[in-house]
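Student: Have a look at this one.
What follows is calculated from the coordinates using simple rules that are stated; it is not laboratory data. As the structure is a prediction and not an experimental result, all values here were calculated from the model.
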Amino acid sequence: SSIDPVSYTHLGPARLAAGGRWDVTYSAARRAGGGVWLWGANTRGQIGDGTLANRALPFAWTLPAGGAALSLGNESTMVVLADGSARWAGTSANSQNGTATPFGILTSPTPVTVLANLADAAVGNGFTVAVRADGTVWGWGALPSGVRSEAAVKLTDVYKRQAGRWAGVERPQIPLPS
């Protein structure tokens, strides 16, 4: 740790994000051209470099389309791409990653398959919410209290914000990336 600022001038102009909790911190930058770089603690693969090793220097994700939105959770990273698809790296204990592998640790950027046509997303503590290009808001994983009845639904269900409230809906069918 350092109280002196560290310069990452090679990243150029960027939007920044920080994630983690008191003992696991990491950072990310989304460059103007859509490149995504992450560094810091990597205890659950959230850096997306294929390892669990911490990184002092930024690691660049290789993405099929530029990153449009970036969100960091406790130990997880989600990037919404310019084409409306998304990628996830890190841990998922409550199916919050939205991938074909809903539980466990993903150490490389993995396609999010639960929804497509995304414009933005936010990773919470055990849940994810996203805005689709049509402006509708969706959520999955262990959504916060009051969003849904814990006893009535499974963690793999998807919820849509409708008429000021969350409602369980049938998951849209999205073809898996090849």
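Student: Spelling out what I want: for every residue of segment 92-99, take phi, set θ = phi - 60°, compute 6.51 cos²θ - 1.76 cosθ + 1.60 (Karplus), and round to whole Hz; glycine and proline get x.
Tutor: 8, 9, 10, 6, 6, 7, x, 9
Student: Further question: Considering all projection directions equally, how large on average is the shadow of the alpha-carbon convex hull of segment 12-125, in square nanometres?
Tutor: Working: hull surface 24.9 nm².
Orientation-averaged projected area of the Cα hull: 6.2 nm².
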